[in-house]
Every structure is written in structure tokens, then in C-alpha cells.
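What follows is a set of notes on a single structure, which appears directly below.
The values are calculated or read from the model by the stated rules, or taken from the named source; none is laboratory data. None of the values given here were measured: they were computed from a predicted structure. Cβ: placed from backbone, ideal geometry, glycine included. Neighbour counts: every protein chain shown.
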């Protein structure tokens, strides 16, 4: 079920900014992981197989663009797998790969924060009694 256009237009600006941050960090995370594993990784033969790890992220893009609460909720949990990968690679690798792992960590934190704030705002937890 899609969100009606009138509902999206009536969405407060801060929530629209949070949605844009969530979608932007998700798309940037996909682009980073694909580029890193296919073009920049030192181990080329496994690049295609490791690039498949972005498929769950790609599956979330349509739901996030349609502002589906369920997608924001499961993405807030799934992103921790990518965060863990970034931490491990930042610890183990050196040079450019270490910087790319740091970028992955940053994007994961941004995505988690945006999803968490989005869910909180949509559920109305900020409203005073």
C-alpha cells in the first residue's frame, strides 16, 4: 500500500529531511559496498560474490521510498551487520580499505539514526501528553 501524495505533502519538514537522510545513506552504502568490492578490493576473484551482500540493502530501497514503517524498522536492525563488517575491516585492513571501512561505519550510523528517528516520529513518541 503506497502512501498517498497528500499525506507525503503534509509531512513535516524535519521528517522529510530524516527520510531523505535515510534513503541517501542507504543508497550511498549500496554504492560504496559495490564499488569497494568490485573495483577497489585487493582480492579480485571474490569481488562478485562479496558484492552480493548488498542485495538486502537494495531490497529495502523501494520500501523506504514509499515510506513504509516496516522497512524502516527492519533496516534499523539489518544495518548492524554492515556496521560490524565495517568495524572488522577497519581493524584488519590498512590504507584505502581502512578509510573505506570508516566510511561504511559512518554511513551505517547515519542510516541507523535516521531510521530510528523516523520510526520514533511516525509513532508520535515526541508528542506531549
Under the condition of being surrounded by fewer than 16 Cβ atoms within 10 Å (Cβ to Cβ) and touching a helix residue (DSSP H, G or I) at 6+ places or on another chain (Cβ under 7 Å), which residue from segment 53-62 is modelled with the lowest pLDDT?
53
Of 7, 11, 50, which residue is at pLDDT below 85 and either outside any helix (DSSP H, G or I) or within 10 Å of the chain's Cα centre (by Cα) (or both)?
11
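Quick test for you: out of 90, 17, 101, 113, pick the one residue that is surrounded by fewer than 17 Cβ atoms within 10 Å (Cβ to Cβ), part of a helix (DSSP H, G or I) and either touching a helix residue (DSSP H, G or I) at 6+ places or on another chain (Cβ under 6 Å) or at pLDDT below 95 (or both).
On the way: 90 fails: surrounded by fewer than 17 Cβ atoms within 10 Å (Cβ to Cβ); 101 fails: surrounded by fewer than 17 Cβ atoms within 10 Å (Cβ to Cβ); 113 fails: either touching a helix residue (DSSP H, G or I) at 6+ places or on another chain (Cβ under 6 Å) or at pLDDT below 95 (or both).
Of 90, 17, 101, 113, the one residue that is surrounded by fewer than 17 Cβ atoms within 10 Å (Cβ to Cβ), part of a helix (DSSP H, G or I) and either touching a helix residue (DSSP H, G or I) at 6+ places or on another chain (Cβ under 6 Å) or at pLDDT below 95 (or both) is 17.
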Can you find a residue that is out of contact with any helix residue (DSSP H, G or I) (no Cβ under 6 Å at 6 or more places or on another chain), at negative phi, in a loop (DSSP other than H, G, I, E, B) and modelled with pLDDT of 90 or more anywhere in segment 22-37?
no
Say whether the condition of being part of a helix (DSSP H, G or I), modelled with pLDDT of 90 or more, within 16 Å of residue 36 (Cβ to Cβ) and touching a helix residue (DSSP H, G or I) at 6+ places or on another chain (Cβ under 6 Å) is met by at least one residue in segment 116-129.
no
